[in-house]
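Engineer: Pasting in a structure now, in structure tokens, and then I'll have a few things to ask.
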């Protein structure tokens, strides 16, 4: 049985090392390469951790005593590297949840450096002295216990910060994206939650085996088995995870200077706001779907139109909670007047209906702003304040409306209709359709004449 555990430790060391090499040398965009190298450091450190456990379990430390506690500070690398990986794929440390003062990566590695320096007196001892400490003094050494507690507290703190960071990221997706697939970091959130469970379980096992029963041989076995599973999931997901740049970061290249005003352009008796240079790119919208003109509401003031008429003229979508215009303090300094905001909102609705831009499953706020030659911030302001929703809701309500029209005129499977309406998965289609209409797509199809047979 002991040989099986020792083999597991060696397999963990080899697998983690080569997985780290694979991530380190993977040639992708610079931001992904940088993020993957933080994960590589985690995998390298735990590779040595598995090897170190093998040395302890097999008694090889008596032959090579100078390897004792060499990897002890490596535990202080896991939290910072995972945090820096997350911040990198989300657009950089300028959006950090812990403030600009902690933007320097070296500060995150300070506990690792301090722990290494604190162990220097041990490292310079003779081999016999190290063996004596490990076998006789270590079990009751309060400094060794303190180091273990600080490692656990350090990792737990970073896991908590990461959960808050991912929560903030997910909350902001609706303002910038029309689809969350591949962006919500569900896998990382679940992995962190699993890490929390593993951390709690480790504390329980540590207390039970070391301070209750006195047996410590199962502690490393349990820890390494759990960590081995987590590292393999982490490596696999990192290899398949695209970089997620926050909209503010992506827009730095094309953002207007704060003092550059919008230009009011007269078109056919009406005026509209246009932004020069960076966002005036008609070639992007030229690649959209062929315009299909539909009658617009006759109300010239969309901000005062009824919700159902303004948002869904021509084919109303019933919702349990109609959108309500929002007031946001972040727009308090906006130079736009209420009339200009309403005009932008009207342009957005007209553009979506004329070009069917919502059928693009990757449509983002930035894309739509560039097509309309508008500032993304002002576009978001109009969607929030006048339409009473965020960008995600706006686009997906239009997609649901489109799917209803398709179901009325076609007997195609619901999966095909979901894809043709701009949804990236059937589960998202079903969830949003029910959210905005109160019933599922199959239930809606059953209410339609002659098309209720194909509910797949």
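The values are calculated or read from the model by the stated rules, or taken from the named source; none is laboratory data. Bear in mind the structure is a predicted one, so any value in this text is a computation, not a measurement. Here the Cβ is made from the backbone with ideal geometry for all residues, glycine too, and neighbour counts use every protein chain on show.
Engineer: Against the condition assigned by TED's automatic domain parsing to the domain that holds residue 393 and within 15 Å of residue 395 (Cβ to Cβ), how does residue 374 come out, does it pass?
Structural biologist: In short, no.
Engineer: Among the residues of the stretch 423-442, count how many are in contact (Cβ under 8 Å) with a residue 40 or more places away in the chain and under 20 Å from the mean Cα position of the chain (by Cα).
Structural biologist: Residues in the stretch 423-442 being in contact (Cβ under 8 Å) with a residue 40 or more places away in the chain and under 20 Å from the mean Cα position of the chain (by Cα): 4 in total.
Engineer: Show the residue pairs meeting these rules: Cβ distance below 9 Å; 6+ apart or different chains; first residue within the stretch 402-418 and without any contact (Cβ under 8 Å) to a residue 12 or more places away in the chain; second residue assigned to a helix (DSSP H, G or I).
Structural biologist: 416/406
Engineer: From 146, 200, 163, which residue is surrounded by 13 or more Cβ atoms within 10 Å (Cβ to Cβ) and not assigned by TED's automatic domain parsing to the domain that holds residue 352?
Structural biologist: One residue alone meets the criteria, 163.
Engineer: Can residue 48 be described as within 23 Å of residue 156 (Cβ to Cβ), over 24 Å from the mean Cα position of the chain (by Cα) and at pLDDT 90 or above?
Structural biologist: yes
Engineer: Now for a different question. Every residue in the stretch 119-143 that is within 42 Å of the chain's Cα centre (by Cα) and surrounded by 14 or more Cβ atoms within 10 Å (Cβ to Cβ), please. Full working, then the answer.
Structural biologist: Residues of the stretch 119-143 that are within 42 Å of the chain's Cα centre (by Cα), as a first pass: 119-120, 122-123, 138-139, 141-143.
Those that are within 42 Å of the chain's Cα centre (by Cα) and surrounded by 14 or more Cβ atoms within 10 Å (Cβ to Cβ): 119, 122, 138.
Engineer: Just for the stretch 12-21: of the residues that are in contact (Cβ under 8 Å) with a residue 12 or more places away in the chain and surrounded by fewer than 15 Cβ atoms within 10 Å (Cβ to Cβ), which one is farthest from residue 228 (Cα to Cα)?
Structural biologist: Filtering the stretch 12-21 down to residues in contact (Cβ under 8 Å) with a residue 12 or more places away in the chain leaves 12-17, 19-21.
Of the ones still in play, those that are also surrounded by fewer than 15 Cβ atoms within 10 Å (Cβ to Cβ) are 14, 21.
On the way: 14: 11, 21: 16 Å.
Restricting to residues being in contact (Cβ under 8 Å) with a residue 12 or more places away in the chain and surrounded by fewer than 15 Cβ atoms within 10 Å (Cβ to Cβ), the top hit is 21.
Engineer: Take residue 45 and decide whether it is under 22 Å from residue 144 (Cβ atoms) and in the same structural domain as residue 91 (by TED's automatic domain parsing).
Structural biologist: Yes: the conditions hold for residue 45.
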